[in-house]
Amino acid sequence: LQGIDEINAKEIFVLPNNSNIIMSAKQAKEMSDKVIHVIPSKSIPQGLAAMLAYDPDIDAQANVDRMTESIGNVKTGLVTYAVRDSQINSLSINKGDIIGIFNSDIVVVDKDIQNTAEILLDKMLDEDSDIVTIYYGQDITEDEGEKLSQFVGDKHPDIDVECYFGGQPLYYYII
């Protein structure tokens, strides 16, 4: 709410980029006198897709519709590490294991970052996949990021692959 109050704009679009923040964003909208549109993005890739769908030449409601529709077309993959021992579905996870998360579900547990990312991508990609954008984190080198891009390109030559330094902590890759 404080951030919204500091914005000088006729209308404000809020992209929570986290399922745990959507409700707070909606509450802030109700508490503010400003015109606020909450786009229910649950991840950074969804938020980026929503921003790319924004068109300054159309009205706000048309933008809300376009932006909201765009997030439905995004699959999100995350590669990070386990902070504690746990058992999720049939996966046994030990603190420090590398985990691959696909649309909020842990689907890969491994000891190797690159191997986890490759297995995760295999689970994410299908015949409807058009583009893969890889953001590598602060603990990943450019060479490692490019190697992952090459993995996708070799296995899926019809998919466009982009790779960028995201510099994010905690997540080795955001896909």
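The values are calculated or read from the model by the stated rules, or taken from the named source; none is laboratory data. Since we're looking at a predicted model, the values are computed, not measured. All Cβ positions, glycine included, derive from the backbone under ideal geometry; neighbour counts span all protein chains shown. The protein model used for the area step is the full one, side chains on, heavy atoms only, and it has no ligands, DNA or RNA in it. Shrake-Rupley method; radii C 1.70, N 1.55, O 1.52, S 1.80 Å.
List of remarks:
- For the range 63-159, trypsin sites (Lys or Arg not before Pro) are listed when DSSP marks them as loop and at most 15 other Cβ atoms sit within 10 Å of their Cβ; the list is 84, 95, 111.
- Residue among 116, 24, 7 farthest towards the positive dipole end of the chain, charges placed on Cβ: 24
- Selection from 76, 140, 92 lying farthest towards where the dipole of the range 66-175 points positive, charges on Cβ: 92
- Measuring max minus min along each principal axis, the C-alpha atoms of the range 1-137 give extents of 49, 34, 25 Å (largest first).
- Pairs of Lys residues in the range 1-116 are counted when their Cα atoms are under 15 angstrom apart and they lie 8 or more places apart or on different chains; the count is 6.
- Evaluated with a Cβ-only charge set (Lys, Arg +1; Asp, Glu -1), the range 67-145 carries a dipole of roughly 460 debye about its Cα centre, given to the nearest 20.
- Accessible surface computed residue by residue for the range 10-131, with neighbouring protein chains in place and a 1.4 Å probe, gives 59 Å² per residue.
- Using only the C-alpha atoms, the convex hull of the range 100-175 corresponds to 84 Å³ per residue.
- Given +1 at the Cβ of Lys and Arg, -1 at the Cβ of Asp and Glu and no other charges, the dipole of the chain around its Cα centre is 760 debye to the nearest 20.
- Magnitude of the charge dipole, the range 117-175, Cβ model with Lys/Arg +1 and Asp/Glu -1, debye to 20: 240
- Residue range of the chain that is longest and free of GluC sites (Glu not before Pro) which are both DSSP loop and sparsely packed (at most 11 other C-beta within 10 Å): 7-126
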